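One structure is given below, encoded as C-alpha cells.
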Amino acid sequence: MRYGIIGTGAIGGYYGARLAQSGREVHFLLHRDYDFVLENGLQVDSCDGSFHLDHPYIYNKVEDMPQCDVVLVCLKSTNNHLLQSLLPPLLHKQTLVVLIQNGLGLEEDVQQMFPSLQLAAGLAFICSAKSEPGRVNHQCYGQINLGNYSCKDETQFLQVLADFNAAGVKAGQVEYLEARWKKAVWNMPFNGMTVALNTQTDLLLKHPATRRLIREQMMEVVNAARHLGVKNIDETFADKMIQMTDEMTPYSPSMKLDFDFHRPMELDYLYTRPLTMAREGGCPMPKLEMLEAELRFLSGDSGR
C-alpha cells in the first residue's frame, strides 16, 4: 500500500520513516525543513536502533503528492482546519485516513468535513521529539494502537496493522471509544501539569503532592469514561499509567514543547471536548476543569 504522511514531525516522521525503512512506499509532506531533508535526508535517532533515509519521497506542496491508500495525519489538532485543503489531493474512493492525534471528538469533526471518508484513530504511545530540521529523536516506547471509526474495508485496516508490525512498530487493534478515553487518562494530567508547573513527567511523580494530584486527575477521567459507558477502564489502568511513567525517560509531553516554543496548545480536543462530554453526561471533572482554566490563562486564550 502507498502511504502519505501529513505532518512530518516527531510522530509522523518516526512512524513514516519506520514504514519506509521496511520497504513501504511512503510520501512525506514537509514544511519548514523541506530543503534540508531534500539535501540531507531524514535521520531517526532511536532507542530501538537509529537509521537514516537517504532519499525519501518528500514534497512541500500537497498538490504534488500522489493519491494514497493510507494517509497518516500527524498534525497538531490546532491545524485540523487545514485538512479541508490538505486531504483531497491524496484521496481516492478507498483511502483510509488515520488520525494520530490527541484528544476526543477528532474523528467526528473530520467525518463532518468528509462524510464518505474512511477514518481510524491512531493512539501513539511514544516519547519522541523533533527539535531540529530533518532529525527525529525517539526516546522510548513506540507502540501504536488503531481504533476503527468508519473504515468499511476490514482487510485494508488489518493490512495497516500488519505493515506497522512488519516495520518493527508494535501495533494492535482496539475498540475506538475505549482507546480514546484510555489515552486521555495519561494525556489530560501530564500534558497540562507539565505546562502549569513548568516541569517534566518524572518530577511530577517524584513529589508526593503532585503524584497524588496526578492520580486524582487520572481517576476523574476513568470515572467520567465509565459513567459514559466506556468499558475495560478502571483504577488499575490509572495505576498502570503511573507505573509506565515512573519507568519512562524524563519527558516533556507535546503540549509542554508547544508552550515552550510559543506554539498554540491543543486545548480544545485535549481538554474542552472531553470536559464538556463529562459534564453533559453528569460526571464532571473539577480538578481537570481547573487545570484547563490555568492553561487558558497561560495561553492568553479566552476559550470562547
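What the table below lists for this structure:
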{"read-out": "Calculated from backbone phi, Karplus (6.51, -1.76, 1.60) coupling profile of region 240-249 in Hz, x at Gly/Pro", "value": "5, 5, 5, 4, 4, 6, 4, 8, 7, 4"}
{"read-out": "Gaussian network model of the chain, springs between alpha carbon atoms under 10 Å - residue of Gln200, Gln84, Gln139 with greatest fluctuation", "value": "Gln84"}
{"read-out": "Residues in region 170-211 that a label on Cys283 would reach, taking backbone N under 18 Å of a point 7 Å out along Cα→Cβ", "value": "175-189"}
{"read-out": "Student exercise, the chain dipole from Lys, Arg, Asp, Glu Cβ charges, in Debye to nearest 20", "value": "380 debye"}
{"read-out": "Calculated FRET efficiency for the pair Met1/Lys206, C-beta based, R₀ 25 Å, to 0.05", "value": "0.05"}
{"read-out": "Label-point gap, in nm, between Glu175 and Leu228 - each point 7 angstrom along Cα→Cβ", "value": "1.5 nm"}
{"read-out": "Estimated [θ] at 222 nm from DSSP helical runs (n ≥ 4, -39500 (n - 2.57)) normalised by residues in the chain, nearest 500", "value": "-13000 deg cm²/dmol"}
{"read-out": "Between 0 and 90°, nearest 10: helix 154-166 axis offset from the chain longest Cα axis", "value": "90 degrees"}
{"read-out": "Per-residue SASA entry for Met219, accessible area with 1.4 Å probe, Å² rounded to 10", "value": "40 Å²"}
{"read-out": "Under 13 Å from the Cα of Lys206 - aspartates and glutamates, other chains or at least 8 residues apart", "value": "Asp246, Glu247"}
{"read-out": "Average accessible area per residue (Å²) across region 155-291 - probe 1.4 Å, nucleic acids and ligands excluded", "value": "46 Å²"}
{"read-out": "Farthest toward positive dipole pole in region 30-95 [+1 Lys/Arg, -1 Asp/Glu at C-beta], among Val62, Leu42, Gln94", "value": "Gln94"}
{"read-out": "Residue-span extension gain [Thr155 to Ser131] - 0.36 nm each, minus C-alpha spacing", "value": "5.0 nm"}
{"read-out": "Percent of Cα-Cα distances greater than 27 Å, calculated over the chain", "value": "40 percent"}
{"read-out": "Degrees, to the nearest 10: 176-196 long Cα axis against longest axis of the chain", "value": "70 degrees"}
{"read-out": "For a label point 7 Å along the Cα-to-beta-carbon line of Glu25, residues of region 46-77 with backbone N under 14 Å", "value": "57-58, 65-71"}
{"read-out": "Candidates Leu83, Leu267, Leu30, ranked by Gaussian network fluctuation over the chain, Cα under 10 Å, top entry", "value": "Leu83"}
{"read-out": "Separation between Cα centres of region 179-242 and region 53-69, rounded to whole Å", "value": "37 Å"}
{"read-out": "Residue-normalised accessible area of region 1-154, expressed per residue, 1.4 Å probe, Å²", "value": "42 Å²"}
{"read-out": "Sequence ranges 156-164, 45-53, 117-125, ranked by mean other-Cβ count within 10 angstrom, highest first", "value": "117-125, 156-164, 45-53"}
{"read-out": "Selected from Asn223, Asn137, Asn60 as most flexible by GNM, with the chain as the system and alpha-carbon contacts under 10 Å", "value": "Asn60"}
{"read-out": "Nearest-0.05 FRET efficiency for Asp64 and Met113, computed from C-beta distance (R0 22 Å)", "value": "0.50"}
{"read-out": "Proximal charge balance of Ala238 [Cβ under 11 Å; K/R count +1, D/E count -1]", "value": "-2"}
{"read-out": "Carbon + sulfur, % of accessible area of the chain - ligands and nucleic acids excluded, 1.4 Å", "value": "50 percent"}
{"read-out": "Solvent-accessible ranking of Ile242, Ile11, largest area first, probe 1.4 Å", "value": "Ile11, Ile242"}
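The values are calculated or read from the model by the stated rules, or taken from the named source; none is laboratory data. Worth saying up front: this structure is predicted, and the values here are computed from it rather than measured. Neighbour counts run over all protein chains shown; Cβ positions are idealised from the backbone, glycine included. Remember, those area values only see protein heavy atoms, side chains included, never the ligands or the DNA or RNA. Shrake-Rupley method; radii C 1.70, N 1.55, O 1.52, S 1.80 Å.
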